[in-house]
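Structure record follows, encoded as structure tokens.
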């Protein structure tokens, strides 16, 4: 699932998606391309509302394997997650999509480089025969705009 962010910031959309995944008893890996950005995202997720608490950790700790949500720049999935959420243009390949229950690619539609990167990921996955959905919040609510 490709999520084209145009109205809400990444941390807000990610928190919503993580909440849904955790409610469905799914462990999640959030893969980013930049450790500094993941650190800021980690801090923002801890500052969320108490009723929407998202248990998570930044990779590199003693308890990575036990984290319900693990933020990492690595390609592996050390916490046994069945869901991968890619941010900041982090790589996702067709084999991962086939092996996991859910894969989400979140990208900032107001950033031309991020938009270009997401288009490249969409094309690569489509060319590999992966089914994908494109979701946009342009209208003010999430709507599926395309599907392969």
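The values are calculated or read from the model by the stated rules, or taken from the named source; none is laboratory data. The model shown is predicted, which means the values in this text are computed figures rather than measured ones. Here the Cβ is made from the backbone with ideal geometry for all residues, glycine too, and neighbour counts use every protein chain on show.
Can you tell me which residue in the range 60-74 is modelled with the lowest pLDDT, limited to those that are part of a loop (DSSP other than H, G, I, E, B) and loosely packed, with under 13 Cβ neighbours inside 10 Å?
61
For residue 140, indicate whether it is out of contact with any helix residue (DSSP H, G or I) (no Cβ under 7 Å at 6 or more places or on another chain) and at positive phi.
So residue 140 passes the test.
Quick one: in the range 31-56, which of the residues that are outside any loop (DSSP other than H, G, I, E, B) and in contact with a helix residue (DSSP H, G or I) (Cβ under 7 Å, 6 or more places away or on another chain) is modelled with the lowest pLDDT?
52
Could you check how many residues of the range 123-148 are under 25 Å from residue 80 (Cα atoms), crowded, with 16+ Cβ neighbours inside 10 Å and touching a residue at least 40 places away in the same chain (Cβ under 8 Å)?
1
(1) part of a helix (DSSP H, G or I); (2) within 22 Å of residue 95 (Cα to Cα): which one isn't true of residue 12, the others all being true?
(2)
When only residues in the range 94-112 that are over 20 Å from residue 26 (Cβ atoms) and in contact (Cβ under 8 Å) with a residue 24 or more places away in the chain count, which is surrounded by the most Cβ atoms within 10 Å (Cβ to Cβ)?
Among them, the one singled out is 107.
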